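Heads up, the thing below is written out as structure tokens.
Read-outs throughout are calculated quantities, based only on the coordinates presented, and are distinct from any laboratory measurement. Treat the numbers as computed from the prediction; the structure is a model and nothing was measured. Quick reminder, even Gly has a Cβ in these numbers, built from the backbone with ideal geometry, and neighbours come from all protein chains shown.
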Amino acid sequence: MKAQNGMTALVIDDEKQMRSLVRLVLEGERYRVFESETGADGLRAIIAWKPDVIILDLGLPDLGGHQVLERLREWSSTPVLVLSVRDSAEEKVKALDLGADDYVTKPFGSEELLARLRAIQRRTLRTTDEPVFEAGELRIDFTAHLVEVRGKPVKLTATEFALLKILARHAGKVITQRQLLREIWGPQAETQAQYLRLYVTYLRRKLALQHNPRIETEPRIGYRLAYD
């Protein structure tokens, strides 16, 4: 799947070799690529170039990547893919909670990077107020609270539907455990990960999705409704 002509990407990374590598991968998919080597310059470039997607390193020499995310999300919803050598669950959760759309660790494979970008693009093409979600075997009517898998209705509890709805509204994006717990059970439940694991198990069992879409687990981080 080639990116459409005119798609632009901004790479914010202080390593010239890394920027060049990402540029090479993206230009092979017909992206127009801009580069910034500091957080402050990156924020200015976002305003100037209005990229379709931002690829952000966390270890920047001035503003850290987390600060860039925090400032960016005050005024922009541009998709952000974090590309960082930091691979701890804590770093990933923090970036995702601050508004990153996905997280890839270095060293990375070009196919993985492009697949994650395609997922971000598919998600952002959907408007959040669409009354119906359809992907592969799954159909959700949010207004009528109806769920179908392979054309057959599936009965879900209110909590199961709430969980599925959040995952579908952000399909392709990792939603952290903390965010899911907070939105479904309230702020007091942010540390009760066992609730979430239990209901994800219920949801997987009832939906019995064979492949597309599928509920993927990001260990110690959260869950994603992924689809091809």
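Distance from the alpha carbon centroid of region 43-71 to that of region 168-228 works out to 28 angstrom.
In the distance distribution for the chain, Cα-Cα pairs more than 20 Å apart total 61 percent. Only helical runs count toward this figure. For the chain, summing -39,500 (n - 2.57) over DSSP H runs of n ≥ 4 and dividing by all residues gives -12500 deg cm²/dmol at 222 nm.
In this Cβ point-charge picture (+1 for Lys and Arg, -1 for Asp and Glu), region 132-226 has a dipole of about 180 debye about its Cα centre.
Of all DSSP bridge pairs formed entirely within the chain, close to 50 percent run antiparallel. Legend: helices of the chain (whole DSSP H runs) are marked when their alpha-carbon atoms reach 20 angstrom or more along the helix axis and their mean Kyte-Doolittle hydropathy is at least -0.5; marked are 110-125, 193-207. Eight or more residues apart or on different chains, and alpha-carbon atoms under 15 Å: count the Lys pairs in the chain matching that. Lysine pair count for the chain: 9.
Of P187, P213, P51, the residue with the greatest mean-square motion in the GNM of the chain, using alpha carbon springs below 10 Å, is P187.
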